[in-house]
Amino acid sequence: MNDPMHTVSVIVPCRNERAHIASFCADLARQTLPDGWALQVLIADGRSDDGTRELLQSLCAGDPRLQLIDNPQRIVSSGLNRAIDAALGEVIVRMDVHTAYATDYIAECLAALKATGATCVGGPWRPVGDGWPQAAIALAFQSRLGSGGAASRRADFSGSVDTVYLGAWRRDELLRLGGFDESLVRNQDDELNLRIVRAGGSVWQSAAIRSTYTPRGSFAALFRQFHQYGYWKVPVIRKHRLPASPRHLAPFAFVGGLAVLAVLAPWSMLAQGTLVGVLAVYALAALASAALLARAPHRLRDTAGIAAAIACMHLGYGLGFGRALVAVLLLRRTPGAAATRLTR
């Protein structure tokens, strides 16, 4: 087939990514599409101030498939919507600058949409770290304790899920759903998938859609990331009047329980003993979960690192969730972008 009959539009949110944008675009150039498909790439830059924008302009000048989209709001959800508005393709595939992709990534997204009829398809999270502690953080994402048993963290799982990593959609269905909620700085993908399911659609994970995600490089950055996830989960639950899964409430229940016990501990021996017991059981569970994933030759160090990463995930998420509850329910404030760093 000489002339393309179909177009797939890749949408990419971006801000201050000078160190990664060229390799990402090179990854895109290696994508192999099915016969009859052409590629359009829309990179929504959130007013980068590190030279990313100038580099993108140069890259776009050298490849007519690339298009720079301005995102003055600077947040991911608005950037995605600006890119969707400019998309020409009948299928839209979301991609992220901090991810490496198999050469058939887009082709497998197209195949999964066709084979399943799902509203949204995507692959599993496959985090890969370089050095310590990033490698330990990557392994923590694979822990059932760390992830709460989410199917989207299982690299070998194909089937219905409540959310997928990134995602691909038919453009008309995505527009009918209203795109991404721009009131959300984080969790906009989870909220869209919840909207899909509640509207009678389906979200499908295919293990054949392969990519590797680069996780945060420090425990502090990981804590901040999950603090943001927890914070912005509250507006999603408030909007829909229910969580996508009970596991989304578990970190706050854990952190809230610890807080109550800590407050009561000075006046209650029972509270003191319970607090110590809960922390001890949690530490043992985290270490046991970590030990199953730790690898030679640094098994002891990795066990400690994975357990620390699991704790950062749970505590960060739980504290962020609690902070949002105070802001939304007690102080009657609307969550805003100031609560979240706009850069990675």
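Each value in this text was obtained by applying a stated rule to the coordinates, not by laboratory testing. Worth saying up front: this structure is predicted, and the values here are computed from it rather than measured. Positions of Cβ are generated from backbone atoms using ideal geometry, with glycine treated the same way; all protein chains shown enter the neighbour counts.
Modelled label positions at His6 and Arg30, each set 7 Å beyond Cα in the direction of Cβ, lie 2.5 nm from each other. Each Lys and Arg adds +1 at its Cβ and each Asp and Glu adds -1 at its Cβ; summed about the Cα centre, the range 6-217 shows a dipole of about 380 debye. Think of the range 6-217 as having a plus end and a minus end, set by charges on the Cβ of Lys, Arg, Asp and Glu; of Ser160, Pro34, Gly123, Ser160 sits farthest toward the positive end of this dipole.
A simple spin-label model places pseudo-atoms 7 Å from Cα toward Cβ; at His240 and Met269 they are separated by 4.7 nm. Close amide H pairs (under 5 Å, H built 1.01 Å from N) link Thr7 with Ala38, Glu90, Val91, residues at least 5 positions away or on another chain.
Each of (i) 44, 25, 21; (ii) 36, 22, 20; (iii) 35, 27, 19 is a candidate for semi-axes √(5λ) of the Cα gyration tensor in Å; the one calculated from this structure is (ii). Amide hydrogen proximity for Tyr165: with H placed 1.01 Å from N in the peptide plane, the residues at 5 or more positions away or on another chain lying under 5 Å are Gly123, Trp125.
Listed values for the range 260-272 are Karplus-derived 3J(HN,Hα) couplings in whole Hz (6.51 cos²θ - 1.76 cosθ + 1.60, θ = phi - 60°), namely 5, 5, 5, 5, 7, 4, x, 10, 9, 5, 4, 5, 4, and x replaces Gly and Pro. When Ser77, Ser245 are arranged by Cβ crowding within 10 Å, least crowded first, meaning fewest neighbours, the order is Ser245, Ser77.
In the chain, the DSSP-assigned H stretches of four residues or longer account for a calculated mean residue ellipticity at 222 nm of -15500 deg cm²/dmol, using -39500 (n - 2.57) per stretch and the full residue count as denominator.
Test of understanding: extend the Cα→C-beta vector of Ala86 to 7 Å, then name every residue of the range 25-55 with backbone N under 20 Å from that spot. Residues passing the 20 Å test: 25-29, 38-55. Couplings 3J(HN,Hα) of the range 163-178, computed from phi: 7, 10, 7, 6, x, 9, 9, 6, 4, 5, 5, 5, 5, 5, 6, x Hz, in residue order, whole Hz [Karplus 6.51 cos²θ - 1.76 cosθ + 1.60, θ = phi - 60°; x for Gly and Pro].
FRET efficiency for the pair Ala253 and Ser160, taken as 1/(1 + (r/R0)^6) with r the Cβ-Cβ distance and R0 = 22 Å, rounds to 0.25. For the pair Arg299 and Thr103, the difference between a 0.36 nm per residue extended length and the Cα-Cα distance amounts to 67.3 nm. Note on the chain: dipole from Cβ charges, positive end direction compared against His240, His20, Leu80; the farthest Cα belongs to His240.
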